[in-house]
């Protein structure tokens, strides 16, 4: 195995991952040799324009994709399929419409189990949904439904929580509130987070490290360490400075090969 | 009715709320005086919501047309405009109904018919549900069973009825099996469609949450197919009840279908009408039952209510 000593700190290790979609019109190179090491408890945001393969990368990490090159190691073990050690929050809440909030969180586990009951109640408090335990998904707002989805993903104590633009469909105020809820969750549980977004503010507000991706083929363009102390204030000068750094990373001239691409 | 008259009365004196103590609207504690009375929705005494019409109004609205038809029919029959042999008047039918009920004859026939329909439904719908689940869940079962089932589906009741009598005799078996054949298909097809209509995105969720295969069926496939399954139950119940006539017309000495065909042979048209009314009544009762079932099982849904 190639798990050498300097890999030991890597909780999640993405190695040489490439992915090509074969469509009727031909092959699309979605990801090209992506490498990323994530430490335990880190909050990583993946940011890039649409089509840069960030969602595809997330699905590969979740084990929801097959037919890629390279490998993903979670705690040194190769990811071969989806499982409860990898929590996933989709773009849409994807709740079961026939289950109440608490039963959606429990999903296939029984609420009669006192341990499950206790944990579900704790999570409902954590994502601030007290009073809505018995509500059905149709009675919830978009933000509330997404909080249920986050609680559902957290119930099984995943080693890593993968979030695929979870707040993309929400309005600006709900989104800001959700970001605070998520940071709250992260600071309480210290779950490793891999968060895909196309919103620079969101990336800067949440992450320890911001991974910037470029499209065609999707690959990592740069990584910025974000050591601003929490809680962060979007209006502060330091926040704006970090935002500026991310932006300038996008505008930095590319290597010659990629520059040809940009000119097209 | 009362509410309509109330607003009609209200509009005439103009906007003078609180002046007319006879009106229910003004006694409502939640209705502050001074609001535009013309915009006050129609309300009936003791009504909780002001958007839903009262139960009385609903019943009244639904019975206008039948009442008109029955009234016209009775008059036309009395005046000799229509043949009372072909169209016995509603009163004659009612008399016959009462006579059949008090004579006990009706109950015997009804009970026998009911047992046949129930047995046929349980057998047919049970198998329909089972095969629907099987074919819906397993691709291989679909490929090997569905074509055959679809072929059998297109064979009409009346075509196989004589064969069923030959095979199973003129006893109860042939009747129950004929009803079962009819009840099988609606539930089979709807269960199958319901399962295949399950949202693929939710299957992805189930994979991520590590559902076992059994949990996937119990917690995802069946609940999401439930609206279709209940639709199938409703249709199957209807078909079972309708299949009864065919079954009892072939060779029978009892049951509502027999009662009707026997009456037809002896020109006892009122009895035929009683039979028709009974079929309609039982049909409504069955529908109410399925609706209650739907309300219990599908209360998570929010549909367009018109």
Please give the number of the condition residue B:210 fails out of (1) in contact with a helix residue (DSSP H, G or I) (Cβ under 9 Å, 6 or more places away or on another chain); (2) modelled with pLDDT under 90; (3) within 10 Å of chain A (Cβ to nearest Cβ).
(1)
Being exposed (fewer than 15 other Cβ atoms within 10 Å of the Cβ) and away from chain B (no Cβ under 12 Å) is the filter; apply it to the stretch A:129-141 and report the residue that is farthest from residue A:101 (Cα to Cα).
A:141
Within the stretch A:35-67, restricting attention to residues that are at pLDDT below 90 and touching a helix residue (DSSP H, G or I) at 6+ places or on another chain (Cβ under 6 Å), which residue is surrounded by the most Cβ atoms within 10 Å (Cβ to Cβ)?
A:48
Criterion violated by residue A:202 - all others in (1) outside any helix (DSSP H, G or I); (2) in contact with a helix residue (DSSP H, G or I) (Cβ under 7 Å, 6 or more places away or on another chain); (3) in contact (Cβ under 8 Å) with a residue 40 or more places away in the chain satisfied
(1)
Taking the stretch A:167-184 as the search range and keeping residues that are touching a helix residue (DSSP H, G or I) at 6+ places or on another chain (Cβ under 6 Å) and either buried (at least 20 other Cβ atoms within 10 Å of the Cβ) or modelled with pLDDT of 90 or more (or both), which one is nearest to residue A:245 (Cα to Cα)?
A:179
Filter result for the condition that a residue is surrounded by 19 or more Cβ atoms within 10 Å (Cβ to Cβ), more than 10 Å from every other protein chain (Cβ to nearest Cβ), farther than 23 Å from residue B:295 by Cβ and over 26 Å from the mean Cα position of the chain (by Cα), over B:184, B:164:
B:164
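One line per residue, one yes/no per condition, for (1) more than 18 Å from the chain's Cα centre (by Cα); (2) over 23 Å from residue A:247 (Cα atoms):
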residue: A:13; (1), (2): no, yes
residue: A:45; (1), (2): no, no
residue: A:52; (1), (2): no, no
residue: A:63; (1), (2): no, yes
residue: A:70; (1), (2): yes, yes
residue: A:80; (1), (2): yes, yes
Name, by its number, the condition in (1) within 32 Å of the chain's Cα centre (by Cα); (2) crowded, with 19+ Cβ neighbours inside 10 Å that does not hold for residue B:208.
(1)
From the list A:152, A:147, pick out the single residue that is surrounded by 20 or more Cβ atoms within 10 Å (Cβ to Cβ) and more than 25 Å from residue B:212 (Cβ to Cβ).
A:147
Please work out if residue B:206 is in the same structural domain as residue B:243 (by TED's automatic domain parsing), within 26 Å of residue B:272 (Cα to Cα) and assigned to a helix (DSSP H, G or I).
no
Which of the residues belonging to the stretch A:68-87 are assigned to a strand (DSSP E or B), touching a helix residue (DSSP H, G or I) at 6+ places or on another chain (Cβ under 6 Å) and away from every other protein chain (no Cβ under 14 Å)?
A:72
Just wondering, is there one or more residues in the stretch B:217-232 that are at negative phi, in the same structural domain as residue B:118 (by TED's automatic domain parsing), surrounded by fewer than 16 Cβ atoms within 10 Å (Cβ to Cβ) and free of Cβ contacts under 8 Å to residues at least 12 places away in the same chain?
yes
Is it the case that some residue within the stretch B:227-246 is within 10 Å of another protein chain (Cβ to nearest Cβ), farther than 30 Å from residue B:171 by Cβ and part of a helix (DSSP H, G or I)?
yes
Identify, please: which residue in the stretch A:101-127 is more than 14 Å from residue A:149 (Cβ to Cβ) and in a loop (DSSP other than H, G, I, E, B) and is, among those, nearest to the other protein chains (Cβ to nearest Cβ)?
A:108
Looking at (1) closer than 19 Å to residue B:149 by Cβ; (2) more than 22 Å from the chain's Cα centre (by Cα); (3) in contact (Cβ under 8 Å) with a residue 40 or more places away in the chain; (4) within 14 Å of chain A (Cβ to nearest Cβ), can you tell me which one residue B:197 breaks?
(3)
Looking at the stretch A:19-34 only, could you name the residues that are in contact with a strand residue (DSSP E or B) (Cβ under 9 Å, 6 or more places away or on another chain) and surrounded by fewer than 18 Cβ atoms within 10 Å (Cβ to Cβ)?
A:20, A:21, A:22, A:27, A:28, A:29, A:33
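The values are calculated or read from the model by the stated rules, or taken from the named source; none is laboratory data. From a predicted model like this one, the values you see are computed outputs, not experimental measurements. Reconstructed Cβ throughout: ideal geometry from the backbone, glycine too, with neighbour counts over all protein chains shown.
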